[in-house]
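**Q** Take a look at this one; I'll ask things after.
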Amino acid sequence: RGDYYWTCYTIKFKKDSEFINKDISLTLKINDIEIASKTTSVTDNFNKLTIEAESDYVERMTADGKALHMETVDEVTFVKDLAGTNYANAYLKFAFISSTAGEASLNATFRQPSAPYDLEFQKYVSVEVNEVTYEHNKKLPFAPNTTDKTPHNELPFMDLDLGTINIKKGYNTIKFILNGGDNLYSQCPDFDKITLTSVASMEEYTHRCE
């Protein structure tokens, strides 16, 4: 037996790196013999907050104040029928409390479109964080092994990584708004939930003004 020299490596990710939420696997070998292995991710020890779109505390409205439609299929409840010129400026508004100011990774779960076309999400849906436009250039990829004849409710949901947002200490809002105008056919896929990941402690804002 001899002495081992241990070293520590720091991996620095770009702010919007796609690898931040992905697993990292490491294996330690000595003389080609595996001694230990570990799979982890940067966010394993972070705090996560999931807010379902059907929550009683999420605002779901058309531009003229009508409630958006919801449906439950296979135990998943989601906001549906978000398509048509009448839905221009319809929105879903999520609210939460953060223990500190900082950053959070934002994911939203939507039903995927059928093949062969991705949905240009950034064209049809705007995102505001604390009433400030959050720029994104995301597309929602079409579901594999599907066609334009695949029944709508058989299309799967997927998490869309929208990147890193800045959050404040205390009250925060995230608003998804259907774009309209310029002959654009307003649309947003079925909306299931959002998930936030951060070093900050977070909880859904559950105060309701009567």
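**Q** Hey, any idea what the orientation-averaged projected area of the convex hull of the chain's Cα atoms comes to, in nm²?
**A** Values: hull surface 65.9 nm².
Answer in nm², one decimal: 16.5.
**Q** Among the GluC sites (Glu not before Pro) in the stretch 46-111, which ones are in a DSSP loop with at most 12 other Cβ atoms within 10 Å of the Cβ? Mind listing them?
**A** Numbers: sites: 52, 54, 59, 71, 75, 103; in loops: 54, 75.
In loop regions of the stretch 46-111 (DSSP not H, G, I, E or B), the sparsely surrounded GluC sites (Glu not before Pro) are 75.
**Q** What accessible area per residue comes out for the chain, rounded to a whole number of Å², with a 1.4 Å probe? Don't skip to the answer; put the middle values down first.
**A** On the way: 13540 Å² over 210 residues.
Result: 64 Å² per residue.
**Q** If you plug each phi of the stretch 69-75 into the Karplus form 6.51 cos²θ - 1.76 cosθ + 1.60 with θ = phi - 60°, what whole-Hz ³J(HN,Hα) values come out, in order, with x for Gly and Pro?
**A** With the stated coefficients, the stretch 69-75 comes to 7, 10, 8, 10, 9, 6, 6 Hz.
**Q** Check which residues have an amide H placed less than 5 Å from residue 71's amide H, if you skip close sequence neighbours.
**A** It is 78, 80, by chain and number.
**Q** In debye to the nearest 20, how big a dipole does the stretch 154-205 give about its Cα centre with +1 on each Lys and Arg Cβ and -1 on each Asp and Glu Cβ? Don't skip to the answer; put the middle values down first.
**A** Working: 4 positive and 8 negative charges, 81 e Å.
Computed about the Cα centre, the dipole is about 380 debye.
**Q** Right, here's the next one. Once a ≥ b ≥ c are taken as the square roots of the eigenvalues of the Cα gyration tensor of the stretch 116-177, is the result rounded (a/c under 1.5), prolate (a/b larger than b/c) or oblate (a/b not larger than b/c)?
**A** Verdict is prolate for the stretch 116-177.
**Q** How many angstrom lie between the Cα centre of the stretch 86-146 and the Cα centre of the stretch 26-62?
**A** What the calculation gives is 20 Å, centre to centre.
**Q** Once you keep just the Cα pairs under 8 angstrom separated by 6 or more residues, what percentage relative contact order results for the chain? Before the final figure, lay out each step's value.
**A** Numbers: 438 pairs, mean separation 63.4, N = 210.
Relative contact order here is 30 percent.
**Q** In the chain, once you exclude exposed chymotrypsin sites (Phe, Trp or Tyr not before Pro) (DSSP loop, at most 13 other Cβ within 10 angstrom), what's the longest stretch remaining? Write out the running numbers ahead of the final one.
**A** Working: sites that count: 4, 5, 6, 9, 13, 19, 117, 185.
Looking at the chain, 20-116 is the longest stretch - no exposed chymotrypsin sites (Phe, Trp or Tyr not before Pro) with at most 13 other Cβ atoms within 10 Å.
**Q** Also, I was wondering about something else. Pulled fully out, how much extra length does the chain show between residue 69 and residue 57, if you take 0.36 nm times their separation in residues and subtract their Cα-Cα distance? Numbers along the way, then the final one.
**A** Values: separation 12, 0.36 × 12 = 4.32 nm, distance 1.54 nm.
Net length gain for the segment: 2.8 nm.
**Q** I want to check a number: in the stretch 14-168, how many lysine pairs have alpha carbons closer than 17 Å, given a sequence separation of 8 or more or different chains?
**A** 12
**Q** In the stretch 75-155, what is the volume of the convex hull around the alpha carbon atoms, normalised per residue and reported in Å³? Walk me through the numbers before you get to the answer.
**A** Values: hull volume 11.8 nm³, N = 81.
Per residue, the Cα convex hull of the stretch 75-155 comes to 146 Å³.
**Q** Classify the stretch 141-187 as rounded, prolate or oblate from the Cα gyration tensor: take a ≥ b ≥ c as the square roots of its eigenvalues, call it rounded if a/c is under 1.5, otherwise prolate when a/b beats b/c and oblate if not. Numbers along the way, then the final one.
**A** Working: a/c = 3.14, a/b = 1.60, b/c = 1.96.
Oblate is the answer for the stretch 141-187, as a/c is 1.5 or above yet b/c matches or exceeds a/b.
**Q** Name the long-range amide H neighbours of residue 53: under 5 Å, sequence gap of 5 or more, or other chain; modelled H, no Pro or chain starts.
**A** Hits under the 5 Å cutoff: 193, 194.
**Q** Given the rule -39500 (n - 2.57) for each run of at least 4 DSSP H residues, summed and divided by the residues of the chain, what is its mean residue ellipticity at 222 nm, to the nearest 500 deg cm²/dmol? Could you put the intermediate results ahead of the total?
**A** Values: 1 runs with 4 residues, N = 210.
Dividing the helical sum by the residues of the chain leaves -500 deg cm²/dmol.
The values are calculated or read from the model by the stated rules, or taken from the named source; none is laboratory data. Please read all numbers here as calculations on a predicted model, not as lab measurements. As a convention, Cβ positions derive from the backbone with ideal geometry for all residues, glycine included, and neighbour counts pool all protein chains shown. In case anyone asks, the SASA skips ligands and DNA or RNA and just uses the protein heavy atoms, side chains included. Shrake-Rupley method; radii C 1.70, N 1.55, O 1.52, S 1.80 Å.
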